[in-house]
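Here the structure is laid out as structure tokens; the discussion comes afterwards.
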Amino acid sequence: MAVVDVLNVTGDKVSQAELADDIFNVAVKGSVLHEVVKMQLAGRRAGTASVKNRSDITGSTKKLYRQKGTGNARSGSVKSPLRRGGGVTFGPQPKSWAFKVPKKVRRLALKMALSSRFQAEDLMVVNTIDLAEVKTQAVVKVLADLKIENALIVTDAEDIKLELSARNIKGIKVIRTEGLNVYDILKYKKLLLLETSIKGIEGRLSA
């Protein structure tokens with residue numbers, strides 16, 4: 001079992017916690033992480049880019065001028081893509097960019113992301129962050145004591161005071177164990193786990 005120090009909010013060591021090797025200390029493959037991050041980002045794309053093609057343009061279907069004798073091209077419609085205000089040829093249409101990777105691969109990638117943070121010594125565990133009220137400065141002080149500027153904070157359950165207090169701090173995000181994902185783990189420089197969240201992560205990934 002991997003072991004990590006458990007700190008209090010002032011940065012002092014209070015105990016140690018054991019981390020499951022099959023979750024927090026597996027071999028990391030960049031190709032697996034890349035595929036899952038691509039899947040997450042593709043799913044976020046709106047896919048709403050759209051143009052009007054020839055059939056979508058409102059306009060008369062009357063021939064603009066006679067076929068012969070004018071010296072102009074043989075134009076037949078004001079909706080032609082060749083004319084200003086006409087339809088667009090082969091332009092983008094609404095679509096979904098989302099794709100799926102196997103569930104086993106997604107789970108493996110999450111383990112690899114957690115392991116990459118542990119192996120790089122960018123994973124920290126605190127026993128608790130207990131706020132008396134919603135106050136941003138209280139969280140700023142905790143982060144300063146822990147010497148953290150950019151981090152993903154993982155809680156085991158809903159913590160409204162912490163979530164609201166941290167939401168305006170640049171470079172900080174609070175997420176619950178059920179929402180933990182590869183992209184956010186890799187995006188932030190530090191992974192800060194509340195001690196109670198470790199069992200939730202292991203329970204989610206041990207199945």
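Return the only residue of I153, I198 being farther than 23 Å from G43 by Cα, modelled with pLDDT of 95 or more, crowded, with 18+ Cβ neighbours inside 10 Å and not small (G, A, S).
On the way: I198 fails: modelled with pLDDT of 95 or more.
Matching residue, one of I153, I198: I153.
Could you tell me which of the residues V6, V78, V32 is of a type outside the set (G, A, S), modelled with pLDDT of 90 or more and over 30 Å from L205 (Cβ atoms)?
Unique residue meeting the criteria: V78.
Let's see how each residue does on (1) surrounded by 14 or more Cβ atoms within 10 Å (Cβ to Cβ); (2) free of Cβ contacts under 8 Å to residues at least 24 places away in the same chain:
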residue: N8; (1), (2): yes, no
residue: K13; (1), (2): no, yes
residue: E18; (1), (2): no, yes
residue: D22; (1), (2): no, no
residue: A46; (1), (2): no, yes
residue: V51; (1), (2): no, no
residue: Y65; (1), (2): no, yes
residue: K68; (1), (2): no, yes
residue: T89; (1), (2): no, no
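Sort out which residues of the range 134-158 are of a type in the set (D, E) and either part of a loop (DSSP other than H, G, I, E, B) or not assigned by TED's automatic domain parsing to the domain that holds L114 (or both), and write them in order of number. Steps first, answer last, please.
So in the range 134-158, the residues of a type in the set (D, E) come out as 145, 149, 156, 158.
Those that are of a type in the set (D, E) and either part of a loop (DSSP other than H, G, I, E, B) or not assigned by TED's automatic domain parsing to the domain that holds L114 (or both): E149, D156, E158.
Which helices (runs of 4 or more DSSP H) does the range 159-207 wholly contain that include 2 or more residues that are at positive phi and of a type in the set (F, W, Y)? Give the steps one after another, and end with the answer.
On the way: elements: 160-166, 182-187, 197-206.
Here the list is empty.
So which of A144, A132, A120, A109 is among the hydrophobic types (A, V, I, L, M, F, W, C) and surrounded by 21 or more Cβ atoms within 10 Å (Cβ to Cβ)? Show your work before the answer.
Numbers: A144 fails: surrounded by 21 or more Cβ atoms within 10 Å (Cβ to Cβ); A132 fails: surrounded by 21 or more Cβ atoms within 10 Å (Cβ to Cβ); A120 fails: surrounded by 21 or more Cβ atoms within 10 Å (Cβ to Cβ).
Selected residue: A109, the only one of A144, A132, A120, A109 that is among the hydrophobic types (A, V, I, L, M, F, W, C) and surrounded by 21 or more Cβ atoms within 10 Å (Cβ to Cβ).
The values are calculated or read from the model by the stated rules, or taken from the named source; none is laboratory data. Source: prediction; values computed, not measured. Using ideal geometry, Cβ is built from the backbone for each residue, glycine included, and neighbour counts are taken over all protein chains shown.
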